Structure formats: C-alpha cells, structure tokens
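Notes follow once the structure below has been shown.
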Amino acid sequence: MLDPRKLHLLRELARRGTIAAVAEAVTFTPSAVSQQLSALEREAGVPLLERTGRRVSLTPAGRLLVEHAQAVLEQLDRASAALAAVRGGPSGPLRIGAFPTAVRVLLPAALAALAAEHPGLEPMVAEIDPADVPSALGAGELDVALVHEYDFVPPVTDGSVAPSRCSPSPCT
C-alpha cells in the first residue's frame, strides 16, 4: 500500500520542482525527502523519478501517480474534517492568509468570534498577497484566505479556489 505522507511529498515535488524546495516547504532535510521518495518508488514498483545529475523530474508513472495522489489526499482531508465534526467540532491548526489591512482591521474581531464558537481551533494568521493565494491554498500552506479585488485588476481565476462573497451581511 502506498503511504499518503510519501504521496504528499511526490505531489509537492510536482508543484515545487526541486527536492530542496519540497524540503523547505515541509521542514524536512533534502536527504529525508529524497529517501522518502525513493521508498515510494519501491512501494510503487516502478520508477517515479528520473535523476539527471543533481536534478530530478517525474517519469510518466510519477505524473500519473501525482494525479491520483491529489485525489487521495483531498479525500483524506475530507475524512479528517468529518471525524473532527463527529468529535464535537473542528480542532487543530487553521492556517489563515489575509492581506495586511485585513490582518490588522478585520481579522481580530473575526478571530474572537471564531474562538468563541470553535475553541478547539488554533488559528495561525499570515499576511499574503492575494495573487499568491491560489498557489498557497493548492500547496496546502493555507486552509482559508481573505483576499480583495480591485476594479481595474482582473481577479485571479483558479478552478481549485472556491470564492465566497461577503458584504455587510454574512458571507455566502
């Protein structure tokens, strides 16, 4: 059986392009990432990486496995969320990205309300440029983001991001 933690590393390699970038993103050493990917290749029984000097690229089998890994990891996230709901509500870290003004003006009251309604959550806030939100969400670096749009700047459109609209009434 394929290890989901190793599948996560393979997916990160497909997104980030280098073992060093994956290591930095997941706070492993490059050697540990390389060893985990080699173990995944043994589990899969086919070469997933093509090594050329100090560089690696995905083989066709590696690209195929990344597609399946994405679906598997998303399903595991949904299962974890469902179990959290059964346990009595969401708990654990909640990585929130927001533009600087929102961090200082909008989020304090929202975080207070969130803590009152879901005391098991551990919100972690990071300032982020709205243009960087889709890649941060896709890479699993954020769970949710608060962004803004300008009239003269087209919105970032990414099929993996589900926008909500808020006005003085509750968000939709």
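The values are calculated or read from the model by the stated rules, or taken from the named source; none is laboratory data. These figures come from a predicted structure and were not determined experimentally. All Cβ positions, even for glycine, are placed from backbone atoms using ideal geometry, and neighbour counts span all protein chains on display. To get the accessible areas, we keep the full protein, side chains included, count just its heavy atoms, and leave off ligands, DNA and RNA. Shrake-Rupley method; radii C 1.70, N 1.55, O 1.52, S 1.80 Å.
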(message) Treating the chain as a set of equal point scatterers at the Cα positions, no solvent, please give the Debye-formula log₁₀ I(q)/I(0) at q = 0.10 Å⁻¹.
(response) -0.50
(message) Please compute the per residue accessible area over region 72-137 with all protein chains in place, 1.4 Å probe, rounded to a whole number of Å².
(response) 62
(request) Return the long-range amide H neighbours of L94 (sequence gap of 5 or more, or a different chain), with a cut-off of under 5 Å between placed amide H atoms. (result) E122, M124
(message) Of P123, V86, L9, which is farthest towards the positive pole of the chain's charge dipole, taken about the Cα centre with +1 and -1 on the beta-carbons of Lys, Arg and Asp, Glu respectively?
(response) L9
(request) Enumerate the calculated ³J(HN,Hα) couplings along region 106-118 in order (Karplus 6.51 cos²θ - 1.76 cosθ + 1.60, θ = phi - 60°), each rounded to whole Hz, writing x wherever the residue is Gly or Pro. (result) 8, 5, x, 5, 5, 5, 5, 5, 4, 5, 5, 7, 9
(message) Could you work out what % of the accessible surface of the chain is carbon and sulfur, using a 1.4 angstrom probe and leaving DNA, RNA and ligands out of the count?
(response) 60
(message) Can you give me the distance in nm between label points at E122 and L106, each placed 7 Å from the Cα along the Cα-to-Cβ direction?
(response) 2.6
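Mind checking the full-extension length gain between V26 and A113? Use 0.36 nm per residue of separation minus the Cα-Cα distance, one decimal, nm. Mind showing how you got there, number by number?
Working: separation 87, 0.36 × 87 = 31.32 nm, distance 3.04 nm.
Gain on stretching V26 to A113: 28.3 nm.
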